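Presented below is the structure to which this report refers.
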Amino acid sequence: FTAIAGAVEARRLGLCTKALAVVPKNLVGQWASEARRLYPGIKVLAMAPEDFAWQRRGVVLSRIATGDWDLIVISHTSFKLLPLSAAILTRFRDAETDRLRAYLEEQRATATSSDEKRSLKQIERAIKRLDERLQRMLDSINRDSARTITWDELGIDMLIVDEFHEFKNLGVPTRLSNIAGLPSANSQRALDMRIKTWELRRRQKKLVALTATPIMNSIGEAYVMQLFLQEQQL
């Protein structure tokens, strides 16, 4: 109710024009019915994962982009199928690798022991792996000649993500090694969320993260949550 009311009232007040809620797939129908219960007559577009099958994806993306919706509800798995554009991916790759290389140089200036210097090599390799991974994603987009509506063309200016801790597996750059519970690489779903929320915040739009467990295992998860929500302050 809190998230639904926040989205609908933000739209009513002109603070956003199109809100997208990304929820666990078993809750898509519940979110839609609760929205209609809270606001009878609300224009809700609730899309099940099967609606994003390859044959129907173009129609679904068109409905999201062109419809005048008070709230759109899709699943976590469907969110990953919203395509990124080559321009966004290129900008993110350049910004992210620059950020990590700046961190690496800062650490290199203070590393003294052989262990610390060895750890810097690991960070260097991690940056190279990320760069190569993003380049493969970019190559895949460039190979796909079919014109499709991309994430930045959908008109989403408020993103609400339920169970946000599902996207916390982002690599944490550190010269300390073998820390239990600290992810050293990016999971596919977390990286996709990172790129899309990075683009959203770059446009100064709204991101709302809902979770009861932002930190479960390590303090590194606090860094990840800040990276998603407070990168400028971080």
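The values are calculated or read from the model by the stated rules, or taken from the named source; none is laboratory data. Treat the numbers as computed from the prediction; the structure is a model and nothing was measured. Cβ atoms come from the backbone with ideal geometry, glycine included; neighbour counts cover every protein chain shown. These area figures cover heavy atoms from the full protein model, side chains too; ligands, DNA and RNA do not enter into them. Shrake-Rupley method; radii C 1.70, N 1.55, O 1.52, S 1.80 Å.
Within region 109-148, track down each residue that is at pLDDT below 85, in a helix (DSSP H, G or I) and over 18 Å from residue 183 (Cα atoms).
114, 115, 116, 117, 118, 140, 141, 142, 143
For residues in region 203-234 being hydroxyl-bearing (Ser, Thr, Tyr) and in a loop (DSSP other than H, G, I, E, B), which is least open to solvent (accessible area, probe 1.4 Å)? Show your work before the answer.
As a first pass, look at region 203-234 and keep what is hydroxyl-bearing (Ser, Thr, Tyr): 211, 213, 218, 223.
Among the residues that remain, those that are also in a loop (DSSP other than H, G, I, E, B) are: 211, 213, 218.
Details: 211: 47, 213: 49, 218: 17 Å².
Going through the qualifying residues, I end up with 218.
Taking region 151-180, which residues are closer than 14 Å to residue 214 by Cβ and not in a helix (DSSP H, G or I)? Don't jump to the end; show me each part of the working.
First, the residues of region 151-180 that are closer than 14 Å to residue 214 by Cβ: 161-170.
Result: 161, 162, 163, 168, 169, 170.
Just to be sure before I move on: is residue 82 aliphatic (A, V, I, L, M) and at pLDDT 90 or above in the structure I sent?
Numbers: aliphatic (A, V, I, L, M): yes; at pLDDT 90 or above: yes.
So residue 82 passes the test.
For residue 56, only one of the following conditions fails: (1) more than 21 Å from the chain's Cα centre (by Cα); (2) farther than 17 Å from residue 162 by Cα; (3) buried (at least 19 other Cβ atoms within 10 Å of the Cβ). What is its number?
Among (1) more than 21 Å from the chain's Cα centre (by Cα); (2) farther than 17 Å from residue 162 by Cα; (3) buried (at least 19 other Cβ atoms within 10 Å of the Cβ), residue 56 violates only (3).
Kindly indicate the residue of region 181-202 that is of a type in the set (S, T, N, Q) and assigned to a loop (DSSP other than H, G, I, E, B) and also nearest to residue 77 (Cα to Cα) among those meeting that condition. Before you say what the answer is, go through the steps one by one.
From region 181-202, those of a type in the set (S, T, N, Q) are 184, 186-188, 197; that's our starting set.
Next, from what is left, pick out any that are assigned to a loop (DSSP other than H, G, I, E, B): 184, 186-187.
On the way: 184: 23, 186: 17, 187: 14 Å.
Only one residue tops the list, namely 187.
For residue 163, are the conditions met, namely being touching a residue at least 60 places away in the same chain (Cβ under 8 Å), under 17 Å from residue 197 (Cα atoms), under 18 Å from the mean Cα position of the chain (by Cα) and open to solvent by 70 Å² or more (accessible area, probe 1.4 Å)?
For residue 163, the condition - touching a residue at least 60 places away in the same chain (Cβ under 8 Å), under 17 Å from residue 197 (Cα atoms), under 18 Å from the mean Cα position of the chain (by Cα) and open to solvent by 70 Å² or more (accessible area, probe 1.4 Å) - is not met.
Of the numbered conditions (1) on the phi < 0 side of the Ramachandran plot; (2) open to solvent by 70 Å² or more (accessible area, probe 1.4 Å); (3) at pLDDT 90 or above, residue 180 fails exactly one; give the number of that condition.
(3)
Kindly provide the set of residues from region 27-41 that are modelled with pLDDT of 95 or more and either at positive phi or not hydroxyl-bearing (Ser, Thr, Tyr) (or both), ordered by number.
The first filter runs over region 27-41 and keeps only residues modelled with pLDDT of 95 or more, leaving 27-40.
Result: 27, 28, 29, 30, 31, 32, 34, 35, 36, 37, 38, 40.
Okay, residues lined up against (1) buried (at least 18 other Cβ atoms within 10 Å of the Cβ); (2) hydroxyl-bearing (Ser, Thr, Tyr); (3) touching a residue at least 40 places away in the same chain (Cβ under 8 Å):
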{"site": "114", "(1), (2), (3)": "no, yes, no"}
{"site": "129", "(1), (2), (3)": "no, no, yes"}
{"site": "139", "(1), (2), (3)": "no, no, no"}
{"site": "175", "(1), (2), (3)": "yes, no, yes"}
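Scan (1) open to solvent by 20 Å² or more (accessible area, probe 1.4 Å); (2) in contact (Cβ under 8 Å) with a residue 40 or more places away in the chain; (3) more than 20 Å from residue 191 (Cα to Cα) for the single condition residue 73 breaks and write down its number.
(1)
Scan region 185-201 for residues that are in contact (Cβ under 8 Å) with a residue 40 or more places away in the chain and surrounded by fewer than 18 Cβ atoms within 10 Å (Cβ to Cβ) and report the count.
Result for region 185-201: 3.
Quick check on my filter: what residues within region 56-70 are without any contact (Cβ under 8 Å) to a residue 60 or more places away in the chain and closer than 22 Å to residue 195 by Cα? Break it down into steps so the answer makes sense when it comes.
First, pick out the residues of region 56-70 that are without any contact (Cβ under 8 Å) to a residue 60 or more places away in the chain: 56, 59-60, 63, 66-69.
Matches in region 56-70: 60 only.
All but one of (1) open to solvent by 40 Å² or more (accessible area, probe 1.4 Å); (2) more than 18 Å from residue 208 (Cα to Cα); (3) within 23 Å of the chain's Cα centre (by Cα) hold for residue 83; which doesn't?
Every condition holds for residue 83 apart from (1).
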